Amino acid sequence: MLSHILPKAEISIRENLRWLYILRNLMLFAVTVAVFIAVNGLGINLPQNQLWLAIFAISILNLYTWLRLRTPEEVTEHEIFSQICMDVLALAYLLYLTGGASNPIIWVFLLPLIVTAIMLPQAYAWNMVIITSCVYTVLIAYNVPLPAVEPHMAHPAMTEMTPEMSLQMHLMNDRRYFNLHVFGMWFGFVFSAGLVAFFVVELSKTLKERERNLADARESALRDERVVSLGTLAASAAHDMGTPLGTIAILTHEMAEELSAHRYPDLHQKLMIVQQQIDRCKQALSVMSASAGEMRAESGKVMLVSEYIDEVLGQWRTHKAATRLKLFISPNVDMEARVIAERTVTHSIINILNNAAEASPVDAGIEFHVEWDDETLNLKIRDFGPGLPAEFIEFAGHQPVKSNKQGMGVGLFLTYTTIKRLGGKIQFSNLESGGACVEISLPLLAKESMHEPITYG
């Protein structure tokens with residue numbers, strides 16, 4: 001309800017119809033209880049057959065709404081307004097049989113007006129104002145009076161009463177009607193106050209949710225803008241680095257041939273290391289250039305979670321072969337669970353592992369905890385270093401941070417953005433026992449959608 005404030009097209013309108021169905025059920029219960037109390041508790045002589053016929057008609061309408069909610073056809077605003085109009089007619093008939101405008105619960109016409117104003121656009125609300133006002137006006141002149149409203153009607157023993165006794169009888173009936181009317185007005189105030197409070201609270205919650213969503217969207221847009229800028233700079237840097245890197249590779253190769261291994265073993269070994277690092281740089285630039293022209297859906301593939309974890313650790317080992325890794329995998333996992341193995345996510349996890357390996361002492365290593373269920377893959381990477389600064393934890397992922405090392409501090413920013421873009425979560429924290437911990441949650445592929453095309457939003 002109130003979902004039109006955050007428009008969700010068909011979902012919002014169908015949700016409004018579901019709320020209308022719930023409110024009509026409450027109205028049916030209240031009307032039934034009121035009729036039962038009036039007839040059996042207060043002894044008011046009401047036209048019960050007509051009243052129960054009206055209640056039965058409202059029940060049939062609600063049954064239709066219940067069946068309508070289970071059909072795939074689109075729900076329209078005009079359909080909701082039509083159902084509210086039928087509710088107004090049913091209420092008008094009930095009030096016509098029970099005193100019309102003199103009935104103390106005549107305020108009930110405010111309910112369809114409030115519901116219309118909240119669920120539907122402004123034009124429908126003004127139309128409902130006209131409809132309810134006209135019905136209220138008609139009920140002033142045309143109604144079946146309540147027995148309590150007629151204190152001067154003929155009494156069987158009226159002819160045998162003295163004028164003083166007859167006056168006393170009239171005063172008692174007047175007091176009875178007045179007490180009933182005061183009770184009805186009191187109940188109407190309490191119910192209306194509760195109803196208004198409920199809708200105001202719901203409206204406040206919806207507005208706060210909208211503001212929160214707008215703030216998140218604004219933050220995401222700013223973050224994506226920075227990522228696009230970084231991507232543009234990275235593509236430009238890759239293009240500019242291609243030529244000098246190729247020149248360095250040629251010179252290194254020539255120097256390695258001139259400085260033979262048997263004459264200059266130390267220099268030759270160092271040149272081999274330099275050449276390996278150059279090859280890594282060239283491979284990274286090639287991957288960057290190839291990824292720049294790919295569609296987002298083409299950069300990922302569906303894999304079993306267990307195979308994906310092996311692939312990530314295999315790629316990471318090529319960079320940090322000497323780092324000790326303690327792997328913990330939960331025994332209660334679904335071996336058939338699958339994940340979209342997108343390249344950027346793989347690089348993000350490897351980046352976290354590299355940072356943890358650099359922060360930890362060589363003899364301590366790092367810990368890698370893995371667990372998953374049908375919906376989520378949870379990764380926990382823990383190091384045994386000095387931990388993360390408090391200001392870093394506060395701003396991690398929201399903007400590039402200064403790095404004490406040679407890096408430019410954008411790796412974790414890109415990692416955070418990549419994981420959030422795919423619907424995941426990442427959290428940084430320091431452990432009381434020492435070291436930092438990074439927790440990553442990634443959504444898994446639903447089993448019913450494994451054969452559908454991979455798309456990213």
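What follows is calculated from the coordinates using simple rules that are stated; it is not laboratory data. This structure is a prediction, so every number in the text was calculated from the model and none was measured. Positions of Cβ are backbone-derived with ideal geometry, glycine not excepted, and every protein chain shown enters the neighbour counts.
Taking 25 Å as the limit for the C-alpha separation, the pairs LYS326/LYS425; LYS205/LYS380; LYS301/LYS326; LYS208/LYS380; LYS301/LYS420; LYS301/LYS425 exceed it in the case of LYS205/LYS380; LYS301/LYS326; LYS208/LYS380.
Against the empirical curve 2.2 N^0.38 Å, the C-alpha radius of gyration of region 1-136 lands at a ratio of 1.11. Using the average count of surrounding beta-carbon atoms within 10 Å as a protection proxy, the listed peptides 348-355, 373-380 rank, highest first, as 348-355, 373-380.
Label sites at ILE250 and LEU89, each approximated as a point 7 angstrom past Cα along Cα to Cβ, lie 8.9 nm apart. Placing a pseudo-label 7 Å from each Cα along the Cα-to-Cβ vector at SER433 and MET241 gives an inter-label distance of 3.8 nm. Taking 7 Å steps out from each Cα toward its Cβ at GLU258 and ALA390 produces label points 5.7 nm apart. Ordered from longest to shortest, the equivalent ellipsoid semi-axes for region 324-382 are 23, 15, 7 Å, each the square root of 5 times a Cα gyration tensor eigenvalue.
Please give the length that would be gained between GLU307 and TYR136 if that part of the chain were fully extended, namely 0.36 nm times their separation in residues minus their C-alpha to C-alpha distance (nm, one decimal).
Length gained between GLU307 and TYR136: 54.5 nm.
Along region 74-91 the Karplus relation, 6.51 cos²θ - 1.76 cosθ + 1.60 evaluated at θ = phi - 60°, assigns HN-Hα couplings of 5, 8, 10, 5, 5, 5, 5, 5, 4, 5, 5, 4, 5, 5, 4, 5, 5, 5 Hz to successive residues, with x for each Gly and Pro. Summary of packing: across the peptides 122-133, 79-90, the per-residue average of other C-beta atoms within 10 Å ranks them, highest first, as 79-90, 122-133.
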